[in-house]
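Colleague: Here's a structure for you.
Rule-based calculations on the coordinates, nothing more; no lab input. Please read these numbers as outputs of a predicted model, since none were measured by experiment. Neighbour counts are summed over all protein chains in view; Cβ atoms, including those assigned to glycine, are modelled from backbone coordinates with ideal geometry.
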Amino acid sequence: MAFFRQILFLCMIFFLGNCAVGPVSGVLFTSNKFAGEINTTNVVPPFVTATGCQHSILGLVSFGNAGAGDIANNKGIQRIATIDYSTFSILQVVYSRYCTIVTGTTY
């Protein structure tokens, strides 16, 4: 009975502990880049690219900044062209990273 509980606990960790989310994710390994937002109101060339990430270790510690506004501000982007996203995880709960990728211009 104790062995069954351990297996059930491990299954819960792998299948319910999905910290880095995206369109699809794998239990053992995930590495995805997917589209987000595009500025359709005006034509903004994507001259500058900036990235910000949030990290999670063992589901216990989480740190980082993946906010598009902060990322653009820190890189000096004044007009945003696109906002894309990427995820990376190993065994879902061991390590996961969620990144926001902002492109735009500094003028």
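Colleague: What angle, in degrees between 0 and 90 and rounded to the nearest 10, separates the Cα long axis of helix 2-16 from the longest principal axis of the Cα atoms of the chain?
Modeller: Computed tilt is about 10 degrees.
Colleague: Which of 25, 86, 96 comes first, and how do the rest follow, when ranked by fewest Cβ neighbours within 10 Å?
Modeller: 25, 86, 96
Colleague: Can you list the equivalent-ellipsoid semi-axes of the chain, largest first and in whole Å, using the square root of 5 times each Cα gyration tensor eigenvalue?
Modeller: For the chain, the semi-axes come out at 36, 13, 8 Å.
Colleague: Ok, one more. Give the order of 97, 79, 5 when sorted by the count of other beta carbons within 10 angstrom, beginning with the fewest.
Modeller: Least crowded to most crowded, the residues run 5, 79, 97.
Colleague: Looking only at 41, 87, 51, which one moves most when the chain is put into a Gaussian network model with springs between Cα atoms under 10 Å?
Modeller: Looking only at 41, 87, 51, the largest GNM fluctuation is found for 41.
Colleague: Something else about it: 5 Å is the cut-off here: which amide hydrogens, built 1.01 Å from N in the peptide plane, fall below it relative to residue 95, excluding neighbours closer than 5 in sequence?
Modeller: Correct list: 58, 90.
Colleague: Also, I was wondering about something else. Dipole size in debye (nearest 20) for the chain around its Cα centre, Lys and Arg Cβ +1, Asp and Glu Cβ -1?
Modeller: Roughly 140 debye for the chain.
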